Amino acid sequence: MPWLVAVEISKLLKIGGLVFVETHFSFSSHERPWHFFQFSDMALKVLFSEALGFECLEAGMSNPIVGRFSSLADGYLKNRPVSGLYCHSEYLGRKIREVNVSSFDWAQLDLSSVVEGTKYPQPKT
């Protein structure tokens, strides 16, 4: 439950304190911003958002890798390269204000404020 970890980190840091998170393998973003659990740069920016009292100093994905679809995949995919794979995602942020974490509720957040206005693409008609 990474959202609980983010709240606990917020409790530990004083204003001005820094948090650096480097995570495991992630895949290029799809269904942005709703795809959080591969810990993309956007996922980390949401977990440590201004709503929780953080300012993002830098976030990104590093160490790109290339994979291939298996020879067992559907014919149109066999051995095709898969791009947009990264070994790590990183976030560097600073705590800029105190948040009452005892009453903090992710469900009460204005979603657009933590996902920077990113939306699903409109369906093609």
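Take 69-80, 104-115, 50-61, 2-13 and order them by the average number of nearby Cβ atoms within 10 Å per residue, most first; the result is 50-61, 2-13, 104-115, 69-80. Using Stokes-Einstein with the Kirkwood hydrodynamic radius over Cα pairs, what translational diffusion coefficient do you get for the stretch 64-125 at 4 °C and a viscosity of 1.567 mPa s, in µm²/s rounded to a whole number? Value of D from the Cα-based Kirkwood radius: 77 µm²/s. Label-to-label distance, L13 versus L85, with points set 7 angstrom from Cα along the beta-carbon direction: 3.2 nm. Taking the three principal axes of the alpha carbon atoms in the stretch 36-78, the coordinate ranges are 48, 19, 12 Å, sorted in descending order.
Distance from a point 7 Å along Cα→Cβ of I65 to each backbone N in the stretch 78-114: keep the residues under 18 Å and list them by number. Only 79-90 pass the distance filter.
Only the coordinates and a few stated rules stand behind these numbers; no lab work does. The model shown is predicted, which means the values in this text are computed figures rather than measured ones. In this analysis, Cβ positions are derived from the backbone assuming ideal geometry, glycine residues included, and neighbour counts consider all displayed protein chains.
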